[in-house]
Amino acid sequence: QVQLVESGGGSVQAGGSLRLSCAASGYTTSLRCMAWFRQGAGKERERVATIYYYGVLADRPDYRGSLQGRFTISQDTTKNTLFLQMNSLKPEDTAVYYCAATSGPCGLRVDDYIYWGQGTQVTVSS
């Protein structure tokens with residue numbers, strides 16, 4: 001009932017920036033939380049950041065600790081679009097980045113999310 005499509009991935013030199021987008025369609029009025037996850041080669045999928053859809057100001061975006069200060073999650077709810085601005089990229093940021101959403105509250109685990117995009121590859125070279 002909700003579809004998510006990521007875009008904006010690519011290859012970038014260390015220290016560079018990328019902006020990922022996630023277009024949501026379908027019954028988006030059911031959504032309460034949107035998130036970015038990533039999965040590096042041979043690693044588990046991990047949370048990058050979360051934000052409440054149609055978020056109230058009291059509920060600030062939440063980031064994985066190691067990424068805070070470099071990554072920024074934002075949204076344009078009028079266009080049903082989620083963004084991830086990634087700055088000062090490092091080779092260890094190389095991963096497939098996934099957009100996720102749920103009708104429930106923001107959680108930390110993969111299983112907390114109902115809807116997933118297919119992912120977009122981000123490769124950071126040194």
*Mind listing just one residue for me: the one in segment 44-58 that is open to solvent by less than 70 Å² (accessible area, probe 1.4 Å) and in a loop (DSSP other than H, G, I, E, B) and, of those, modelled with the lowest pLDDT?*
G55
*Test: residue in segment 104-115 that is open to solvent by 60 Å² or more (accessible area, probe 1.4 Å), aliphatic (A, V, I, L, M), in contact with a Gly (Cβ under 9 Å, 6 or more places away or on another chain) and assigned to a loop (DSSP other than H, G, I, E, B)*: yes
*Of the conditions (1) open to solvent by 60 Å² or more (accessible area, probe 1.4 Å); (2) more than 16 Å from Q3 (Cα to Cα), D93 clears all except one; give me its number.*
(1)
*Tell me, yes or no, whether segment 3-14 has at least one residue that is out of contact with any Cys (no Cβ under 9 Å at 6 or more places or on another chain), open to solvent by less than 30 Å² (accessible area, probe 1.4 Å), part of a strand (DSSP E or B) and more than 14 Å from A101 (Cα to Cα).*
yes
*Restricting the search to segment 28-48, which residues are under 19 Å from G104 (Cβ atoms), in contact (Cβ under 8 Å) with a residue 60 or more places away in the chain and not hydroxyl-bearing (S, T, Y)?*
L31, R32, C33, M34, A35, W36, F37, R45, R47
*Name every residue in segment 73-90 that is in a strand (DSSP E or B), surrounded by fewer than 17 Cβ atoms within 10 Å (Cβ to Cβ) and without any contact (Cβ under 8 Å) to a residue 60 or more places away in the chain, in order of residue number.*
S74, D76
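The values are calculated or read from the model by the stated rules, or taken from the named source; none is laboratory data. Just so we're clear, the structure is a prediction, and the values are computed from it rather than from any experiment. Don't worry about glycine lacking a Cβ; one is built from the backbone with ideal geometry, like all the others, and counts go over all protein chains shown. The area values use the complete protein model at the heavy-atom level, side chains included, leaving out ligands, DNA and RNA. Shrake-Rupley method; radii C 1.70, N 1.55, O 1.52, S 1.80 Å.
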